[in-house]
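**Student:** I'd like to ask you about the structure that follows.
The values are calculated or read from the model by the stated rules, or taken from the named source; none is laboratory data. In this text, all values refer to a predicted model and were calculated from it rather than measured experimentally. Reconstructed Cβ throughout: ideal geometry from the backbone, glycine too, with neighbour counts over all protein chains shown. Heavy atoms of the whole protein, side chains included, go into the accessibility calculation; ligands, DNA and RNA do not. Shrake-Rupley method; radii C 1.70, N 1.55, O 1.52, S 1.80 Å.
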Amino acid sequence: MNIKRLILAIVAGYVVIFATDFLIHHVWMNPDYEATQQVWRAEPEMKSMMGWFIGAQIVTVITFVLLWTRWADTARLGCAVGFGFLMGAFSGAWPITLYAVLPIPCTIACKWFFAGIAQCILLGIVTFFVYKPAQAAVPLS
């Protein structure tokens, strides 16, 4: 495992997760959240929980990147896309569960599910290019 590339992949992955979470939740899904505001914490309380959001994002990225490093030395881009898809589908259990226990519309759970898959595919692609192993030196003889 290359520690320098690992750290770079974690940092790049965090940027991807942070940016896409902003686009998904604060831009695309904001009308959904406003329409169901009785379900969610008040905005000041939500802002006070930002450390929990950041912690969850960090745990997600570290886990994703560490799992990827297990076969990154021989993987191709298609593997990164497939890995991202599977990780997104795997993590998609939580929106389905929340739909079952919270009074939210199915559209919110579906958006969370499919956005999570797209987000993990993008994370897989970025991780592939950042963590991609250096080419082995070719002997000159």
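**Student:** Give the residue that is farthest from PHE18 (Cα to Cα), with candidates limited to residues of region 46-61 that are surrounded by fewer than 14 Cβ atoms within 10 Å (Cβ to Cβ) and within 11 Å of the chain's Cα centre (by Cα).
**Tutor:** Taking the candidates together, the pick is VAL59.
**Student:** Then there's this: Six or more apart or on different chains, Cβ under 6 Å: which pairs go from a residue in region 40-54 that's more than 18 Å from LEU102 (Cβ to Cβ) to one that's of a type outside the set (Asp, Glu)? Could you list them?
**Tutor:** Sorted first by the residue in region 40-54, then by its partner, the list stays empty.
**Student:** Something else now. Does VAL11 fit the bill of being surrounded by 11 or more Cβ atoms within 10 Å (Cβ to Cβ), touching a residue at least 40 places away in the same chain (Cβ under 8 Å) and among the β-branched types (Val, Ile, Thr)?
**Tutor:** In short, no.
**Student:** Further question on the same structure: Look at PHE64 and say whether it is open to solvent by 90 Å² or more (accessible area, probe 1.4 Å), under 23 Å from LEU122 (Cβ atoms), in contact with a helix residue (DSSP H, G or I) (Cβ under 8 Å, 6 or more places away or on another chain) and touching a residue at least 12 places away in the same chain (Cβ under 8 Å).
**Tutor:** No; evaluated as a whole, the condition is false for this residue.
For every residue, the table says whether it meets (1) among the small types (Gly, Ala, Ser); (2) open to solvent by 90 Å² or more (accessible area, probe 1.4 Å); (3) on the phi > 0 side of the Ramachandran plot.
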site	(1), (2), (3)
HIS26	no, yes, no
TYR33	no, no, no
PRO44	no, yes, no
ALA72	yes, no, no
PHE85	no, yes, no
PHE90	no, yes, no
ALA100	yes, no, no
ILE104	no, no, no
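**Student:** Does at least one position in region 120-138 carry a residue that is closer than 17 Å to VAL16 by Cα, loosely packed, with under 15 Cβ neighbours inside 10 Å and not hydroxyl-bearing (Ser, Thr, Tyr)?
**Tutor:** Checked region 120-138: at least one residue is closer than 17 Å to VAL16 by Cα, loosely packed, with under 15 Cβ neighbours inside 10 Å and not hydroxyl-bearing (Ser, Thr, Tyr).
**Student:** Enumerate the pairs (first residue in region 27-38 and within 14 Å of CYS106 (Cα to Cα); second residue anywhere and among the polar types (S, T, N, Q)) with beta-carbon separation below 8 Å, excluding pairs fewer than 6 apart on the same chain, so at least 6 apart or on different chains.
**Tutor:** Listed pairs, sorted by first residue: ASP32/THR107.
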